[in-house]
Amino acid sequence: MQPEFIIIHQEVAPYVAHIQLNRPKELNALNLELMAELRDALKALDADDNVRVVIISGNEKAFAAGADIKQMAGKTAMDMYNTDQFSTWDTIKKTKKPLIAAVSGFALGGGCELVMLCDMIVASETARFGQPEIKIGVMPGAGGTQRLTRAVGKALAMEMVLTGRFISAEEALRAGLINRVVPVELFLKEAIQLASEVAALSPLAVKMAKESVLKSFDSSLEEGLHFERKNFYLLFASEDQKEGMQAFVDKRTPVFKGQ
Ligand code: HXC
């Protein structure tokens, strides 16, 4: 079935897929249906050997202005509990392939949280990041208090979460929240360029490297180092390791097959 709220571009570059959030009139507010479509699309792309990196974007005006407030407004705590919307987010979090967020305009609330769930973030100069939930009587619920704090530190995270202040792309770059800022007409092109760079590498090494970096967020140093080492050893079981190292010795460009 064709998704209603997202557009899937299968091959914007070799091994690179692009999912565009597509509720432009609502500034891509993340209703439950959109999130379910995103989850299903990512699951399919994660299993597709022709895809190595996935870009998620909105449009120039908005990446996403948050969870759909109109859909949430009348809910009770028990409705929220029974809906269990975060199981969708938990599945998205398990995507093994790298996710690159291409952000222009608003990335607010759940939008900012979705951006932070991605592995690298390319922003246009017009991007605005924020966790304004406090202004509507709630607080971040999809990782905002945790991932933002880990990315930018306590001072700025606390200010953004407690006041709802938006930060510009430049401030986000300085704070370490995002990877790069480019003129608005280039944000998607830049994301595709970055994705292509990663997609040319061994997809096995890339997935294990992603997994290992993420491990650092919820493990002790010793545990993380142990995890890293196991993945490092494991890659020596791959043809890509043989190909990568032999190509270096032969002074040629390696061709990685993901095996
Ligand atoms: C539902 C939204 C929306 C949202 C915008 N719209 N954000 N609808 N949920 N989060 C709708 C508006 O109602 C409006 O529809 C249309 O999109 C355009 O928005 P405007 O407000 O007219 O645009 P503008 O004046 O440019 O202001 C942009 C804005 C503002 C600053 C981004 O829309 C805004 O403050 N939005 C809410 C941001 C927010 O609080 N996000 C956090 C949500 S809670 P109509 O039909 O009126 O034209 C959250 C929890 C996450 O994310 C945890 C769970 C995942």
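Each reported figure results from applying straightforward, stated rules to the coordinates on display, with no laboratory input. Predicted model, so just to flag it, every value in this text is computed and none were measured. Cβ sites come from the backbone with ideal geometry, for glycine too, and all protein chains shown count toward neighbours.
The table below gives the values:
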read-out	value
Calculated FRET value between Asn231 and His9, using beta carbons and R₀ = 35 Å, to 0.05	0.70
The chain: angle of helix 154-163 to the longest principal axis, Cα-based, in degrees nearest 10	30 degrees
Thr163 versus Asp40: modelled label distance in nm, points set 7 Å from Cα along the beta carbon direction	4.3 nm
Separation of alpha-carbon centers, the range 16-37 and the range 124-189, rounded to whole Å	19 Å
Under the Karplus curve 6.51 cos²θ - 1.76 cosθ + 1.60, θ = phi - 60°, whole-Hz ³J(HN,Hα) for the range 203-210, x wherever Gly or Pro sits	x, 5, 4, 5, 5, 6, 5, 4
Burial ranking of peptide ranges 164-173, 212-221, 198-207 (average Cβ count within 10 Å, highest at the top)	198-207, 164-173, 212-221
Charged-residue dipole, Cβ positions (Lys, Arg, Asp, Glu), the chain about Cα centre, Debye nearest 20	340 debye
Fully extended contour minus Cα-Cα distance, from Val138 to Lys215, at 0.36 nm per residue	24.8 nm
Anisotropy class of the range 31-121 from Cα gyration tensor, a/c 1.5 cut	oblate
Centre separation in Å (Cα based) which lies between the range 204-222 and the range 60-123	22 Å
Ranked list, fewest to most other Cβ atoms within 10 Å of each Cβ, for Glu37, Glu125, Glu228	Glu125, Glu228, Glu37
Dipole in debye (nearest 20) - the range 203-250, about Cα centre, beta carbon charges: Lys, Arg +1; Asp, Glu -1	60 debye
Residue-averaged 222 nm ellipticity for the chain, from DSSP H runs of 4+ at -39500 (n - 2.57), nearest 500	-13500 deg cm²/dmol
Residue order, fewest to most beta carbons within 10 Å, for Asp68, Asp250, Asp46	Asp250, Asp46, Asp68
Tensor-based shape of the range 6-200 (alpha-carbon gyration tensor, a/c under 1.5 rounded, otherwise prolate or oblate)	oblate
Cα-based shape type of the range 157-241, given that a ≥ b ≥ c are square roots of the gyration tensor eigenvalues and the cut on a/c is 1.5	oblate
